[in-house]
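Notes for the one structure printed next.
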Amino acid sequence: MLNKLLIQGGTRLDGEIRISGAKNAVLPILAGTLLADGPTVIENVPHLHDVTTTVELLGCMGVQVVIDEKLSIEVDTSTIENHVAPYHLVKTMRSSILVLGPLLTRFGEAEVSLPGGCAIGSRPVNLHIKGLQDMGAEIEVVNGYIHARADRLKGARLVMDIVTVTGTENLMMAAALADGVTIIENAAREPEVVDLANYLNTMGAKIEGAGTDTITIEGVEKLTGTRYRVLPDRIETGTYLVAAAISGGRIKVKDTDPTLLDAVIDKLREAGAEVTCGDDWIELDMHGKRPKAVNIRTAPFPAFPTDMQAQFAALNTIAEGTSTIVETVFENRFMHVQELQRMGADIEVEGNTAIVRGVEGLTAAPVMATDLRASASLIMAGLVATGETEVQRIYHIDRGYEIIEEKLAQLGANIRRIPA
Ligand code: UD1
């Protein structure tokens, strides 16, 4: 159902919330269940639309999926009937491409729709395909579908032209059951890549070096179902920290991992926030102050994440001073700018750079979410705008944030969801 969010701005957030399991870890891990003989149980699964889509995707193939109320999902692939990821699911969730490597390496064939473009740029999957070809797969694109075949993939040295997160994950999964050793160079170092490697290793894979730019995978004959707990969502964590900061408030986020957020925490401190961290919690206090403008340059982990760029753009709109935001990961990731301008923000975009001149305040407006993190930035802006902001098309936000309005309401925000 189409919903929208109404936010009455001006409340200073104050309180505690719990962070959910990471979207970008659970999606590859669910795809990775296709590699397992025997049932797998995944714990700390966030309740997100992208998870539902992945479950539907597995279900389409005949895989049995049981969802438990206590945030766990059990997957049994013994009933699999086909190896197809259809267009109608892939087009709503690009990370469906993650089933390509597992299907091909375990069953010798896969048919996966090409994802096509998306709001934040063209986002090709050429490196996923090239890596699999280098491992011996025969791949053709016919009628918009990638058709891949291989008797058994062979270990290879894969040098990635660009650091790609899901590309690294797809190839790591394919290599896990390949014949021989695969080395992925210029691999993505994101914590979610490490989480996937840890998961695969608990199933019997032999993967070393995840978290560095060289990952070595010694292929094994088979992987066995296991039980695995997904790591906390660092982007959800960062988003709530920004929400508290923009409102001048205080927050304690629990069940998270501060070591995954160094670059984000540094920027929040630079913006004037007092940040304290424990083993699995982060506390931020803005003491009612207006944030200071902070320059941002996105890049692969451990640098500042592109998935936090839009939220910091919102923070900078009301900050003291002028900031520069450089987006180096995606070609068209400033869709939130035009909507923020409608709320009174002073932002100029020139190529991959946005110049944000902080204003004293924003004013509420009806705004439209265009992608997941852009939606989050509009909510951040709504929290401080004068009047009632209406965020439309929030299905984008439900893809990646678990009950955002409830968590924000728990912090004192005046926010509610209504049918559009
Ligand atoms: C993942 C994340 C997404 C995050 C992004 C960057 C998931 C499910 N999603 O997306 O939230 O914003 O990492 O941190 O984990 N590229 C190519 N060819 C390819 C693959 C990628 O040119 O075959 C380019 C992309 O167009 C982009 C850059 O590489 O410019 C990085 O993209 P990539 O890391 O692949 O993003 P995703 O894995 O799709």
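The values are calculated or read from the model by the stated rules, or taken from the named source; none is laboratory data. Not measured: the values here are computed from a predicted model. Ideal geometry is used to build each Cβ from the backbone, glycine not excepted, and the neighbour counts take in all protein chains shown.
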Query - Among (1) more than 16 Å from the ligand (Cβ to nearest atom); (2) surrounded by fewer than 17 Cβ atoms within 10 Å (Cβ to Cβ), the one test that Met61 misses - result: (2)
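Scanning the stretch 2-33 for residues that are among the aliphatic types (A, V, I, L, M), more than 16 Å from the ligand (Cβ to nearest atom) and not in a strand (DSSP E or B), which turns out surrounded by the fewest Cβ atoms within 10 Å (Cβ to Cβ)?
Among those that are among the aliphatic types (A, V, I, L, M), more than 16 Å from the ligand (Cβ to nearest atom) and not in a strand (DSSP E or B), it is Leu2.
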Query raised in the report: Any residue in the stretch 209-222 that is in contact (Cβ under 8 Å) with a residue 60 or more places away in the chain, under 28 Å from Arg18 (Cα atoms) and among the basic types (Lys, Arg)?
Result: no
Query raised in the report: If you take just the strands (runs of 3 or more DSSP E) that sit entirely in the stretch 181-248, which of them hold at least 3 residues that are in contact with a Gly (Cβ under 9 Å, 6 or more places away or on another chain)?
Result: 181-185, 214-218
Query raised in the report: So which of Gly180, Gly167 ends up being modelled with pLDDT of 95 or more, away from the ligand (no atom under 11 Å from the Cβ) and more than 22 Å from Pro39 (Cβ to Cβ)?
Result: Gly180
Query raised in the report: Just checking, which of Val230, Val165, Val220, Val194 is over 30 Å from Gly272 (Cβ atoms) and over 23 Å from the mean Cα position of the chain (by Cα)?
Result: Val220
**Report entry** Per-region count, the stretch 324-343, residues under 18 Å from Gln392 (Cβ atoms), at pLDDT 95 or above and in contact with a Ser or Thr (Cβ under 7 Å, 6 or more places away or on another chain)
**Finding:** 2
**Report entry** Residue pairs meeting the criteria (Cβ under 6 Å; at least 6 apart or on separate chains; first free of Cβ contacts under 8 Å to residues at least 40 places away in the same chain, in the stretch 393-420; second assigned to a loop (DSSP other than H, G, I, E, B))
**Finding:** His396/Ala369; His396/Asp371
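For Thr237, are the conditions met, namely being surrounded by 19 or more Cβ atoms within 10 Å (Cβ to Cβ), more than 16 Å from the ligand (Cβ to nearest atom), touching a residue at least 40 places away in the same chain (Cβ under 8 Å) and under 22 Å from the mean Cα position of the chain (by Cα)? Spell out how you get there, then give the answer.
Numbers: surrounded by 19 or more Cβ atoms within 10 Å (Cβ to Cβ): yes; more than 16 Å from the ligand (Cβ to nearest atom): no; touching a residue at least 40 places away in the same chain (Cβ under 8 Å): yes; under 22 Å from the mean Cα position of the chain (by Cα): yes.
Spelling it out, it is not the case that Thr237 is surrounded by 19 or more Cβ atoms within 10 Å (Cβ to Cβ), more than 16 Å from the ligand (Cβ to nearest atom), touching a residue at least 40 places away in the same chain (Cβ under 8 Å) and under 22 Å from the mean Cα position of the chain (by Cα).
Results for (1) within 16 Å of the ligand (Cβ to nearest atom); (2) more than 24 Å from the chain's Cα centre (by Cα), shown as yes or no for each residue.
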{"site": "Pro124", "(1), (2)": "yes, no"}
{"site": "His128", "(1), (2)": "yes, no"}
{"site": "Met135", "(1), (2)": "yes, yes"}
{"site": "Glu138", "(1), (2)": "no, yes"}
{"site": "His147", "(1), (2)": "no, yes"}
{"site": "Asp151", "(1), (2)": "no, yes"}
Query raised in the report: Which of the residues spanning the stretch 34-53 are touching an Asp or Glu at 6+ places or on another chain (Cβ under 6 Å) and part of a strand (DSSP E or B)?
Result: Val41
Query raised in the report: Out of the stretch 166-207, which residues are under 25 Å from Val41 (Cβ atoms) and surrounded by fewer than 20 Cβ atoms within 10 Å (Cβ to Cβ)?
Result: Asn198, Asn201, Thr202, Gly204, Lys206
Query raised in the report: Tally time: how many residues in the stretch 204-245 are basic (Lys, Arg) and more than 26 Å from Leu103 (Cβ to Cβ)?
Result: 1
**Report entry** Answer residue from the stretch 344-395, given it is touching a Gly at 6+ places or on another chain (Cβ under 6 Å) and closer than 20 Å to Glu327 by Cβ and is modelled with the highest pLDDT among those
**Finding:** Gly358
Query raised in the report: For Glu402, are the conditions met, namely being surrounded by 19 or more Cβ atoms within 10 Å (Cβ to Cβ) and closer than 24 Å to Val253 by Cβ?
Result: yes
**Report entry** Residue that is nearest to the chain's Cα centre (by Cα) [pool: residues in the stretch 1-34 that are aliphatic (A, V, I, L, M) and more than 19 Å from Asn198 (Cα to Cα)]
**Finding:** Ile19
Report task. Would you check if there is a residue in the stretch 36-49 being modelled with pLDDT of 95 or more, within 15 Å of the ligand (Cβ to nearest atom) and farther than 30 Å from Val384 by Cβ? Result -> yes
